[in-house]
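The values are calculated or read from the model by the stated rules, or taken from the named source; none is laboratory data. Since we're looking at a predicted model, the values are computed, not measured. Neighbour counts are summed over all protein chains in view; Cβ atoms, including those assigned to glycine, are modelled from backbone coordinates with ideal geometry. All accessible areas refer to the heavy atoms of the entire protein, side chains included, with ligands and DNA or RNA removed. Shrake-Rupley method; radii C 1.70, N 1.55, O 1.52, S 1.80 Å.
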Amino acid sequence: MLRIAIQSKGRLNEESTAMLRELGIEIDDSKRKYLSNAKNFPVEMLYLRDDDIPGVVASGSASLGIVGLNEVEEKGYPVEVVEKLGFGGCRISLAIPKADVYEGPQYFEGKVIATSYPKILKKFLDENGVNARIEVITGSVEVTPAAGIADAIFDIVSSGSTLVANNLKEVEKVFFSEAVLISNGNLSDEEKEILAEIQFRLESARNSRDKKYILMNLPEASLDEAIRILPAMKSPTVLPLAEKGWCSLHSVVNTGDLWDKVRALKAIGAEGILVLDVNKIIL
Ligand code: ATP
Ligand code: MG
């Protein structure tokens, strides 16, 4: 049994549980219990505020955690990032009143900056030789300049619409984050095995994400040409059709190449082309 800490509610909760489900780990978070067992996999879920996840993993109260890299960096606990998970993408940026002229980090000299990420901000200011006062605010950081609490903010940005709504502009993108899987690096052999299985399933899901399964009917005379267009993982599958002179060709293509391949295949006589999503690729 291995315990995984995830956010109980908030931006990462849904995608964390969706990711575990995609890996075939059935968790029931409908009752919003603090702790709950997965139905078909030896893991136990611990639901927490995201701020508490790095500490709980570092102390060993949970063996793994799913949390934003921003929280990991800010908290500074000795945890290991085992996987980047590709969701919850955002950045932490410095933003100033829209009307101000910005010529570089020296703008912040002597200013007051409101943030929930004082450590990451301090590092940036030190690296740039800037002295500024950091005002730690845990929520609604974006309203502090208008409220006269701060001159500027250092806050999470994803689309930038919150900044625009508060008459601010982003001037330095300091830290890039996404959800990550963390571990305390001190797992038992049994826990290591469970983590290895999770990583194996993550990899299979990741491999399939930008792939499509394509199948079509093809005149046998065009087969060599079609195989040149469609190099598959090994080689395409070719099945005979009841109609003489025709075959069915199956392969996997990169999503980005799909329409070019479809056009080329149609040009050599492919018909009845089906394109399907791929759920997992196990190499
Ligand atoms: P909690 O109650 O668990 O402490 P919270 O209010 O601190 O929640 P959320 O707003 O739910 O946190 O954000 C969780 C994480 O989602 C952030 O730490 C960050 O990694 C990520 N994230 C992605 N996009 C955004 C965004 N636009 N705003 C805030 N966080 C974002
Ligand atoms: Mg939080």
Any residue at all in the range 102-125 that's loosely packed, with under 14 Cβ neighbours inside 10 Å, in a strand (DSSP E or B) and aliphatic (A, V, I, L, M)?
no
Could you say which residue among Ile137, Ile156 is crowded, with 17+ Cβ neighbours inside 10 Å, without any contact (Cβ under 8 Å) to a residue 60 or more places away in the chain and within 16 Å of ligand 2 (Cβ to nearest atom)?
Ile137
Can you pull out the residues in the range 21-42 that are in a helix (DSSP H, G or I) and without any contact (Cβ under 8 Å) to a residue 24 or more places away in the chain?
Arg21
Show the residue pairs that are 6+ apart or on different chains and have beta-carbon atoms under 9 Å apart, the first residue being within the range 43-61 and in a loop (DSSP other than H, G, I, E, B), the second being hydroxyl-bearing (Ser, Thr, Tyr) and surrounded by fewer than 21 Cβ atoms within 10 Å (Cβ to Cβ).
Arg49/Ser8
I'd like the full set of residues that are in a strand (DSSP E or B), aliphatic (A, V, I, L, M) and touching a residue at least 40 places away in the same chain (Cβ under 8 Å), limited to the range 229-255.
Val252, Val253
Restricting attention to the range 163-199, and to residues there that are of a type in the set (Lys, Arg) and under 21 Å from Gly89 (Cα atoms), which single residue is surrounded by the fewest Cβ atoms within 10 Å (Cβ to Cβ)?
Lys173
Leu202 versus (1) open to solvent by 80 Å² or more (accessible area, probe 1.4 Å); (2) within 30 Å of the chain's Cα centre (by Cα); (3) not charged (D, E, K, R): which is the lone unmet condition?
(1)
Confirm whether Ala226 is open to solvent by less than 30 Å² (accessible area, probe 1.4 Å) and without any contact (Cβ under 8 Å) to a residue 60 or more places away in the chain.
yes
Does Ser63 count as within 15 Å of ligand 1 (Cβ to nearest atom), small (Gly, Ala, Ser) and surrounded by 19 or more Cβ atoms within 10 Å (Cβ to Cβ)?
no
Could you tell me whether any residue of the range 68-86 is closer than 27 Å to Pro118 by Cα, within 16 Å of ligand 2 (Cβ to nearest atom), part of a strand (DSSP E or B) and open to solvent by 20 Å² or more (accessible area, probe 1.4 Å)?
no
